[in-house]
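A short write-up of the structure that comes next.
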Amino acid sequence: MPEYDFSGQVAFVTGAARGQGRSHAKLYAEHGADVVIVDVCDSMDSIPYNLGTRDELDSVVEAVEDRGQDALALECDVSNEADVEEAVDQAIEEFGRIDFLANNAGIFTLSEAVEMSEAEWDRVLDTNLKGVWLCAKHVGKHMIERGDGGKIINTSSGYGLVGGLLEGHYTASKHGVNGLTKTLALELAEYDINVNAVAPTGVDTPMMEEFVEVYGDEILDEVVELTGPWNIFGGGMIESRDISEAYMWLSSDASRYVTGITLPVDAGLSAK
């Protein structure tokens, strides 16, 4: 795997108590960054599975510290501007800077667009799209004021590049992330801030495991049958580390002239 030197730098990772966010936090630490570990640590209306817990959040702190780096755990609802502003302020008070924003927090449910409740639509869009904007807004302001650039990386999805059956709200949110990424890249370029997105296919995470428990293998099989396999190499879901490696590259100087893109790490999902 590539080696990067993020010594003296700080990553702010949302949705970091478990899954992809946890993987990103650990890999940033492996490459020498201190990490702000952010998660809502609470249940949400209209979401029928668990989100990260405080114990899981604290275990990521231990994992970062085991790699020789400092960590700060913060509970924050990314869809709430006051929460986001407070979390960013606490991170800067603790570490003095934020160099990388890993805008990873996201949720999803299954529902036909014509049957979906307004609350379900709002909850997914508020977290997946509004939350990305709010974090980029407040971390971006800090990066502008600091004056030495930065990297913002947003989690999109393979369904941000194609249509997603029974996921109109999720698909809309991720297409929105791609458009927001382009606009932020244009607006922040003069401050040497790169803004990109990563679009994963299905990733083997606790959220996906609980998703299958709630909805059942049958509905998942139906989605895959109609949209095509999430992994054209013939395997199942990919690993969080595969997504984290893309995050590390986009955080590094190796990608200094890469901005405004959505990078598929989707095992061929969008190639069909």
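The values are calculated or read from the model by the stated rules, or taken from the named source; none is laboratory data. Given the structure is predicted, the values throughout are model-derived calculations rather than measurements. Here Cβ is always computed from backbone atoms with ideal geometry, including for glycine, and neighbour counts include all displayed protein chains. Surface areas here come from the heavy atoms of the whole protein model, side chains and all, with no ligands, DNA or RNA. Shrake-Rupley method; radii C 1.70, N 1.55, O 1.52, S 1.80 Å.
What is the percent carbon and sulfur in the accessible area of the chain, measuring with a 1.4 Å probe over the protein chains and ignoring ligands? It is 47 percent, rounded to a whole number.
Our summary gives the range 10-264 a relative contact order of 20 percent, counting only alpha carbon pairs under 8 angstrom and 6 or more residues apart. Comparing 60, 214, 84 in a Gaussian network model of the chain, where Cα atoms under 10 Å apart are tied by springs, the biggest mean-square fluctuation is seen for 214. Just how far, in whole angstrom, is the range 49-79 from the range 110-180 if you go by their alpha carbon centroids? So the separation of the two Cα centres works out to 21 Å. Placing a label point 7 Å from the Cα of residue 214 along the Cα-to-Cβ direction, the residues of the range 7-45 whose backbone N falls under 13 Å from that point are 42-45. Between residue 221 and residue 182, the simple label model (points 7 Å from Cα in the Cβ direction) yields a spacing of 3.9 nm. A straight Cα-to-Cα reach below 30 Å connects residue 272 with the lysines 130, 174, 182, residues fewer than 8 places away in its own chain not being considered.
Provide the FRET efficiency to the nearest 0.05 for the residue 7-residue 190 pair, computing r from the beta carbons and using R0 = 30 Å. Can you show the working numbers first?
Details: r = 27 Å, r/R0 = 0.90.
Efficiency computed from Cβ-Cβ geometry: 0.65.
In terms of overall dimensions, the range 10-264 has a Cα radius of gyration and Dmax of 17.2, 52 angstrom. Only Cα sites of the range 113-272 enter the Debye sum here, all with the same form factor; the resulting log10 I(q)/I(0) across q = 0.09, 0.13, 0.15 1/Å is -0.32, -0.66, -0.85, listed in q order.
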